[in-house]
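Novice: For reference, the structure I am asking about is given below.
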Amino acid sequence: MRIVLAMAVGILVAFVVGSVIGTQMVLRSVEEMGLAVSWSMRLSSSWNDIVGLSASLLPLMAIALAPAWLLLAWLDRRSVLTINAGICAICGALCVGLLHPILNMAFGVDVFAPARSWLGLLCQAAAGALGGWAMVYVWSNRGGAGLNQ
């Protein structure tokens, strides 16, 4: 049961960070066009995007991250691999970083606009890495030891 909670926290962290980063990238583009963007606008836009993207980006991230993290947990239980925060962070970064190009190939359109650029894609991958770190932190009492401990 603890792995389910840890994975839920990891997915939520990846989603919230990815959503906020995506919102801020879009608002940066708006500023580059010469329009003023206040801090209150940034906060309300970030909140609105978290709520709005919870029906699309959140399930996509869950579909991308959950199977990979479950496989890592299974490998750790079988003593094939000792999982730590670094491995789960790399796995999260790869899953989220590959999610957007795969969706683009499948549907022929960018599902999440901020991931169109290399910088945006790298930021989304960083969100997945933070989610992986958060998952291991919740799973492990020491925040980085193997999942079996």
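Nothing in this text is a laboratory measurement; each read-out follows from the coordinates by a stated rule. This is a predicted model, so every value here is computed, not measured. Cβ coordinates were reconstructed from backbone atoms using ideal geometry, including for glycine residues, and neighbour counts include every protein chain displayed.
Novice: Give me Phe15, Phe107 ranked fewest to most by other Cβ atoms within 10 Å of their Cβ, as a rough exposure proxy.
Specialist: Working: Phe15 24, Phe107 9.
So the residues, fewest neighbours to most, are Phe107, Phe15.
Novice: What is the magnitude of the charge dipole of the chain about its Cα centre, with +1 placed on the Cβ of each Lys and Arg, -1 on the Cβ of each Asp and Glu, and no other charges, expressed in debye to the nearest 20?
Specialist: Numbers: 7 positive and 5 negative charges, 90 e Å.
It comes to approximately 440 debye.
Novice: Between Trp47 and Phe107, take the C-beta separation as r, use R0 = 30 Å, and let me know the FRET efficiency to the nearest 0.05.
Specialist: Details: r = 27 Å, r/R0 = 0.91.
That gives a FRET efficiency of 0.65.
Novice: Could you give me the ³J(HN,Hα) list for the stretch 74-79, computed from phi with Karplus coefficients 6.51, -1.76, 1.60 and θ = phi - 60°, whole Hz, x at Gly and Pro?
Specialist: Karplus-based 3J(HN,Hα) across the stretch 74-79 equals 5, 5, 5, 4, 8, 6 Hz.
Novice: Once R0 is set to 35 Å, what does the formula 1/(1 + (r/R0)^6) return for the Cβ-Cβ distance between Val9 and Leu35, expressed as a FRET efficiency to the nearest 0.05? List each step's numbers first, then the result.
Specialist: Numbers: r = 36 Å, r/R0 = 1.03.
Efficiency computed from Cβ-Cβ geometry: 0.45.
Novice: Once you keep just the Cα pairs under 8 angstrom separated by 6 or more residues, what percentage relative contact order results for the chain? Please list the in-between numbers first.
Specialist: Details: 204 pairs, mean separation 55.4, N = 149.
RCO, the chain: 37 percent.
Novice: On average over all directions, what projected area in square nanometres does the stretch 1-68 have, based on the convex hull of its Cα atoms?
Specialist: 5.2
Novice: Dividing the Cα convex hull volume of the chain by residue count, how many Å³ per residue is that? Can you show the working numbers first?
Specialist: On the way: hull volume 16.9 nm³, N = 149.
It is 113 Å³ per residue.
Novice: Over the stretch 99-143, what number does the Rg to Rh ratio reach, with both radii from the alpha-carbon atoms and Rh per Kirkwood?
Specialist: We get a ratio of 1.17 for the stretch 99-143.
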